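The values are calculated or read from the model by the stated rules, or taken from the named source; none is laboratory data. The shown structure was predicted, so the numbers you read here are calculated from the model rather than taken from an experiment. Virtual Cβ from ideal backbone geometry, glycine too; neighbours counted across all protein chains shown. Accessible surface is based on the protein model in full, side chains and every heavy atom, while ligands, DNA and RNA are left aside. Shrake-Rupley method; radii C 1.70, N 1.55, O 1.52, S 1.80 Å.
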Amino acid sequence: MNNELHHLYDRKVSCLMCNTNYTTKKVLSRFIRAHRHDTDFCSYYTSTEINPLLYYVSVCPNCGFSSSEECSTYFPPKAKETIQQKVCDNWNGRNYCFERTVDTAIESYKLAIYCSSIKKENHVALAGLYLRLSWLFRTEKINHEEEQRFLRLALEEYVHSYMVDDYSGTQLSEIKLLYLIGDLSRRLDLVSQATQYFSKVIEKQKDTLEKGIVQMAKDRWAEMREVKSS
């Protein structure tokens, strides 16, 4: 571990469950160096220490409630009571607010997924948690089975998000969402679904400024056709 932690800064968070104010670590943008990217936007960083994925989730040290910045502040009826009973009342007091290892980062994601599932979080936010957790297993843990498991869960949530339109107002555009569904489907060998969603992207090429995403969809489609014909 780097004792100076010069690559990290403290971000202030107010817990939505217990109102505790705390700080959690984030990676300073000037230290983030990705040396390559996968077709589903997964980035590979020059070292684990500066991987921002490790700090995507905030975990309250007081009660254990965990979430990402993409999660909503809304709690459906009875959700707080259920989280109190299933998470907070059993909280072991672990502190995730300092420098994290890959293992403690994975724990933080699983905590956030559990809390988000209880509070019926927007599909797009839950998908983001699943997807980034799959990336951690791909780039840091190198566990293909776990990567595939969380990719599948991310795909299911992104499809639901598209169907109910809960991605509107987020940083995820329709074109990028359609492409992502297509690429995750391709990675999971759901060829027919991948083709369907890549087609949706290409159909919108005249109406979007995101020409790079359209080209990526065309490239993936071409790669799939090459594999099929070989």
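Of the numbered criteria (1) more than 30 Å from ILE213 (Cβ to Cβ); (2) touching a residue at least 24 places away in the same chain (Cβ under 8 Å); (3) not in a strand (DSSP E or B), the one VAL13 fails is (3). Would you confirm whether or not region 62-83 contains a residue that is assigned to a helix (DSSP H, G or I), of a type in the set (Gly, Ala, Ser) and at pLDDT 95 or above? Among the residues of region 62-83, at least one is assigned to a helix (DSSP H, G or I), of a type in the set (Gly, Ala, Ser) and at pLDDT 95 or above, which makes the answer yes.
The number of residues in region 197-219 being in contact with a helix residue (DSSP H, G or I) (Cβ under 7 Å, 6 or more places away or on another chain), of a type outside the set (A, V, I, L, M, F, W, C) and closer than 20 Å to TYR162 by Cα comes to 6. In region 152-206, the residue that is farthest from GLU226 (Cα to Cα) out of those that are acidic (Asp, Glu) and out of contact with any Ser or Thr (no Cβ under 6 Å at 6 or more places or on another chain) is ASP166.
If you check GLN171, GLN148 for being under 17 Å from the mean Cα position of the chain (by Cα), under 24 Å from ARG36 (Cβ atoms) and either modelled with pLDDT under 95 or not in a helix (DSSP H, G or I) (or both), only one passes: GLN171. Take region 202-230 and flag every residue that is in a loop (DSSP other than H, G, I, E, B) and open to solvent by less than 70 Å² (accessible area, probe 1.4 Å). Selection gives LYS204, THR208, GLU210. Of all residues in region 68-86, those that are open to solvent by less than 100 Å² (accessible area, probe 1.4 Å) have Cβ atoms under 6 Å from Cβ atoms of residues that are hydroxyl-bearing (Ser, Thr, Tyr) and modelled with pLDDT of 95 or more, 6 or more apart or on another chain, in SER68/TYR56. Total residues in region 182-201 satisfying the condition of being in a helix (DSSP H, G or I) and either acidic (Asp, Glu) or crowded, with 22+ Cβ neighbours inside 10 Å (or both): the figure is 9.
Picking from residues in region 51-61 that are out of contact with any helix residue (DSSP H, G or I) (no Cβ under 8 Å at 6 or more places or on another chain) and either in a loop (DSSP other than H, G, I, E, B) or in contact (Cβ under 8 Å) with a residue 60 or more places away in the chain (or both), the one that is surrounded by the fewest Cβ atoms within 10 Å (Cβ to Cβ) is PRO61. When region 1-34 is filtered for residues that are at pLDDT below 95, of a type outside the set (A, V, I, L, M, F, W, C) and either under 21 Å from the mean Cα position of the chain (by Cα) or surrounded by 12 or more Cβ atoms within 10 Å (Cβ to Cβ) (or both), the ones remaining, listed by number, are HIS7, SER29, ARG33. Entry remark, region 96-133: residues being in contact (Cβ under 8 Å) with a residue 60 or more places away in the chain and open to solvent by less than 50 Å² (accessible area, probe 1.4 Å) number 7 in total.
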